[in-house]
Amino acid sequence: MLGGVSGKHRSPVRGSSIEFAQYRKYVPGDDTRRLDWRMWGRSDRYYIKEFEADTNLRLCLIVDASGSMKFGKEGATRLDYAKRIAGSLAYLAAEQGDAVGLWAMNAQQKSELPAKRGASHLGLVLDALAELQPKGETRIVESLHEAAEKIPQRALVVIVSDLFVQPSDLKPALQHLRYRKHDVVVFHLLDQQEIDFEFDRPARFVDLEGGEAVLADPTDIARQYRDAVRQYLTDMDDLVRTTGIDYHRVKMHEAYDDVLARFLLGRTPKKGGR
């Protein structure tokens, strides 16, 4: 990661530390204190020692607060789940000295906190998460483009959303973030009811983002609905392959600490790797 102060993450730039990285040829202007005189004695050429520089990470959380995030039981909605994921990651990052920022949005509300370090800033991030209310239409695509333009340096961008948008519309926004060299992680929150669609009696289906309600007999629309969901998930898989994001499809019945554990273990460097 590329941060402004020393920290716990490998940096893409070379600096001064105890971990040797590589040799390179001396060029005029290099610090002569870093010359390797043993290499000069063996080869009669000047070489500079380079070392790994450790730096801090910028964690930028993007949380969807649109109306569809209200889906679920009171106290256990999709937005509640998103808050737990985002708040836990914010706390873990701050505990190891990393900077944390938050972009949270819907059609009526917007919270934007640039990534900073420190306990007081973490408190602002957690307070902003707590105040979020699910309302209105989704703005996830526009918000991702805005974040790509406003996050000044390479960061770990974590998106927590139900992605209630066409994958073809979402793809350019994710590519925009990747073009800016951000490491993009997506937690895609789904409820098993949305996938199975196991309703056995006529029901009134309410659009949580403000559209018209639909009264329908599930037996008449179940096959078409499941086909549409299957195609949506297939398109999402294609999007993941073509954008190179770190994608996690999360069922809301899963314990959020298990979801975070899988994510963090997947991010643990393998022995001998970077």
TODO: Provide the FRET efficiency to the nearest 0.05 for the S120-Q153 pair, computing r from the beta carbons and using R0 = 35 Å.
DONE: 0.95
Open item on the list: Kirkwood Rh over alpha-carbon pairs of region 164-272, then Stokes-Einstein at 25 °C and 0.890 mPa s: what D in µm² s⁻¹, rounded to an integer?
Closed with: 148 µm²/s
Task: Mean Cα-pair separation over length for region 58-266, i.e. relative contact order, pairs under 8 Å, 6 or more apart, % - done: 23 percent
Task: Point-charge dipole on Cβ atoms (K/R +1, D/E -1) for region 112-172, about Cα centre, debye to 20 - done: 300 debye
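What ranking do 196-202, 73-79 get when scored by the average of other Cβ atoms within 10 Å per residue, highest first?
By packing density, highest mean first, the sequence is 73-79, 196-202.
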Open item on the list: Run through region 202-274 and list the GluC sites (Glu not before Pro) located in a DSSP loop whose Cβ has at most 14 other Cβ atoms within 10 Å.
Closed with: E212, E254
Task: For region 58-266, convex hull volume per residue from C-alpha positions, Å³ - done: 117 Å³
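Based on DSSP H runs of at least 4 residues, each adding -39500 (n - 2.57), what is the mean residue ellipticity at 222 nm of the chain after dividing by all its residues, to the nearest 500 deg cm²/dmol?
Calculated from helices alone, the mean residue ellipticity at 222 nm is -12000 deg cm²/dmol.
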TODO: Within region 107-213, list the trypsin sites (Lys or Arg not before Pro) lying in a DSSP loop whose Cβ has at most 13 other Cβ atoms in a 10 Å radius.
DONE: K181
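Under unit Cβ charges (Lys, Arg +1; Asp, Glu -1), what dipole magnitude, rounded to 20 debye, does the chain have relative to its Cα centre?
My answer is approximately 1840 debye.
Please go through the residue pairs K150/K171; K70/K150; K73/K251; K70/K181 and name each one whose alpha carbons sit more than 21 Å apart in this structure.
Too far apart for the 21 Å limit: K70/K150; K70/K181.
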Task: Full-stretch length increase - D196, M39 - with 0.36 nm per residue and alpha-carbon distance subtracted - done: 49.9 nm
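A short reminder: the numbers here are calculations on the coordinates, not readings from a lab. Everything numeric in this text was worked out from a predicted model, so none of it was measured. Here the Cβ is made from the backbone with ideal geometry for all residues, glycine too, and neighbour counts use every protein chain on show.
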